[in-house]
Each structure stands twice: as C-alpha cells, then as structure tokens.
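Q: Structure incoming, see below.
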Amino acid sequence: MFNRSQTIHAGSDYSHFLLNVPTAPLLPAGLREGCPWPDCFGGSTRPAPDGVARPDVFPRRSSAVPHRRSGLRVNACLQLGHRAMAAPVLRVSTPRWERIARLLVCLLGILLSLYAFHVEREKGRDPSYKAMCDISGSISCSKVFSSRWGRGFGLLGSIFGNDSALNQPNSVYGILFYAFQLLLGMTVSAMAALFLMTTSILSVVGSLYLGYILYFVLKDFCVICITTYALNFILFTLNYKRLVYLNEAWKQQLQAKQD
C-alpha cells in the first residue's frame, strides 16, 4: 500500500479505479486474493485503504442500450394506444346492380351531351343545319341548343359576360357532370357519396329550371333535353339509395367492431 501523498500513475496497478475499467482479471492472482476488503471490485460501501480510490467513487456511465430499449417500449405503447384510439377500417361495397345502372346512365348521359354539343356547334356554323332530333317546328333540339338558355343555363352569360370562359354550352357541363358521377361512383368513401348527392340535387334543380324554360318560354319539346332530365332524376335516386345503404353498412360494421 502507499500513502495519501503518493500519486497514482496511469500504468500502476490501481489506475483501473480512476479509469473506471473492470481490470480485476488483469491483476495478478496474489493481489486479487489478498484484497483487503470484500467485493473490492464490485462497489463495496466499506471504506478503501488510504490512498486507494474506491471503485464506486467514479460511477460508471450508464449504457445506452437500456435507454434505447425503454424508448422502444414507450414507442410500442404509444403505437398500441394510437391503434386502439384510431377509427376502425370499414370495408363496404355497393350493390352490383347499382354500379351497373350508374355506368349505363352516365355513359348515356355523356353520349347525349356530346351529341348536343355537336348539334349546337353545327347550328352555329350553318343556320340551315337540321339535326336528327329536329322533327317539327315545335319539336326541335337545335332550336333549344342555339337559344340564350342553351349556354350557361341562360344565367352565366348575364353574370360573367357572353365571352366568359364560364359561359359554355350546357352540354359541356353535362359531360363534366356525368363523368364525375361515373368516376366518383367507383368509390365508397363518405366524401364521394356526399359530393355525388350534392351535385345530383343541383342537377335536379337545374333540370326543373330548364324544363320550365323549355315548356313555358320556348314552348318547344326537346327530346335530348327531356332524356337528360330523366337521367338526372335517375342519378339522384341512385345517389340517395347509395348514401342510405352506405350509412347503414357503416353503422353495422362499426357496431360489430365495437362489440
């Protein structure tokens, strides 16, 4: 042993205490066997001899693995809690007849709108043009399409101007409407169902408005127009039934998930 005034050098046998390295196996067997206090290399509370640094004077650095493991456990608990609190995934499909009916109605609406756009365009180029739906003086499609109510529903032109990009033929809005009804009808999300229902309500209101103009103002019978009005009412019925069906299906699946 040595006195307090002696200095512990890095190469001495006791330097392992300051370096905080488990060097017990590196010491000579005689020194390990003649250790003056029990558990001298395990952090005993018994005071060390004079001039000897106790192993527990310099605490060991805590390993990063326990912290990492505890962090992983916390993250796992948070993920489990998030899954428990998250809304369950509901899988709902619409009836097959509804999808087929929607496909047929939308395709027919797109074809009729394309034909109406063709008639309106040809009538603008050639005033003497006669369409297939021009049966008589009181049953004429081209007469309706070329009127002021045939573009922008007779309203957008007076609001934004006749040269505005929004003042398009009614057939253009019809093509967009039926295309959106067809594409969004392939999904079963709540937002899509609400959008389909909202646009269907607007189409029915527009059909009633244009039907009034057709009968009381123009005093004409347009086969294409009446057919598209009927298609709009059919789509309104399909969208209403879809909304009711999806609502009931979501309720049943949510109740089953909670039970």
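Q: List the pairs whose first member sits in the range 178-205 and is among the aliphatic types (A, V, I, L, M), whose second member is in a loop (DSSP other than H, G, I, E, B), and whose Cβ atoms are under 7 Å apart, counting only residues at least 6 apart or on separate chains?
A: Val188/Val92; Val188/Ser93; Val188/Thr94; Leu196/Gly185
To keep it simple, each residue is scored yes or no on (1) polar (S, T, N, Q); (2) more than 21 Å from Ala131 (Cα to Cα).
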residue: Gly154; (1), (2): no, yes
residue: Gly157; (1), (2): no, yes
residue: Phe221; (1), (2): no, no
residue: Thr228; (1), (2): yes, no
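Q: Here's a check for you: in the range 228-251, which residue that is in contact (Cβ under 8 Å) with a residue 40 or more places away in the chain and either of a type in the set (D, E, K, R) or outside the structural domain of Ser113 (by TED's automatic domain parsing) (or both) is nearest to Leu208 (Cα to Cα)?
A: Lys241
Q: Shifting gears a bit: Kindly list the number of the only condition in (1) of a type in the set (Phe, Trp, Tyr); (2) within 22 Å of Ser146 (Cβ to Cβ); (3) in a helix (DSSP H, G or I) that fails for Phe221.
A: With respect to (1) of a type in the set (Phe, Trp, Tyr); (2) within 22 Å of Ser146 (Cβ to Cβ); (3) in a helix (DSSP H, G or I), Phe221 is out only on (3).
Q: Still on this structure: Checking the conditions here, which among Ile224, Ile175, Ile201 is in the same structural domain as Leu108 (by TED's automatic domain parsing), at pLDDT 95 or above and over 37 Å from the mean Cα position of the chain (by Cα)? Break it down stepwise before answering.
A: Details: Ile175 fails: over 37 Å from the mean Cα position of the chain (by Cα); Ile201 fails: over 37 Å from the mean Cα position of the chain (by Cα).
Going through Ile224, Ile175, Ile201 in turn, just one is in the same structural domain as Leu108 (by TED's automatic domain parsing), at pLDDT 95 or above and over 37 Å from the mean Cα position of the chain (by Cα): Ile224.
Q: Somewhere in the range 153-165, is a residue in a helix (DSSP H, G or I), aliphatic (A, V, I, L, M), without any contact (Cβ under 8 Å) to a residue 40 or more places away in the chain and closer than 30 Å to Ala256 by Cα?
A: Our first condition is that a residue be in a helix (DSSP H, G or I); within the range 153-165, this holds for 153-154, 156-160.
From what is left, the residues that are aliphatic (A, V, I, L, M) are 156, 159.
Among the residues that remain, those that are also without any contact (Cβ under 8 Å) to a residue 40 or more places away in the chain are: 156, 159.
Imposing the further condition that a residue be closer than 30 Å to Ala256 by Cα reduces the set to none.
Within the range 153-165 (the criterion being in a helix (DSSP H, G or I), aliphatic (A, V, I, L, M), without any contact (Cβ under 8 Å) to a residue 40 or more places away in the chain and closer than 30 Å to Ala256 by Cα), the answer is no, since none of the residues qualifies.
Q: Which one of these does Val205 not meet: (1) within 27 Å of Glu120 (Cβ to Cβ); (2) among the aliphatic types (A, V, I, L, M); (3) surrounded by 13 or more Cβ atoms within 10 Å (Cβ to Cβ)?
A: (3)
Condition check ((1) surrounded by fewer than 18 Cβ atoms within 10 Å (Cβ to Cβ); (2) within 15 Å of Leu108 (Cα to Cα)) across all residues:
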{"site": "Leu183", "(1), (2)": "yes, yes"}
{"site": "Leu194", "(1), (2)": "yes, no"}
{"site": "Met197", "(1), (2)": "yes, no"}
{"site": "Leu235", "(1), (2)": "no, yes"}
{"site": "Val244", "(1), (2)": "yes, no"}
{"site": "Leu254", "(1), (2)": "yes, no"}
{"site": "Gln258", "(1), (2)": "yes, no"}
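Q: Please go through the range 120-144 and pick out each residue that is in contact (Cβ under 8 Å) with a residue 60 or more places away in the chain and part of a helix (DSSP H, G or I).
A: Those that are in contact (Cβ under 8 Å) with a residue 60 or more places away in the chain and part of a helix (DSSP H, G or I): Cys141, Lys143, Val144.
Q: Please give the number of the condition Ser207 fails out of (1) farther than 21 Å from Phe221 by Cα; (2) touching a helix residue (DSSP H, G or I) at 6+ places or on another chain (Cβ under 9 Å); (3) assigned to a helix (DSSP H, G or I).
A: It is condition (1) that Ser207 fails.
The values are calculated or read from the model by the stated rules, or taken from the named source; none is laboratory data. Please read these numbers as outputs of a predicted model, since none were measured by experiment. No Cβ is skipped: glycine too gets one built from the backbone with ideal geometry, and neighbour counts run over all protein chains shown.
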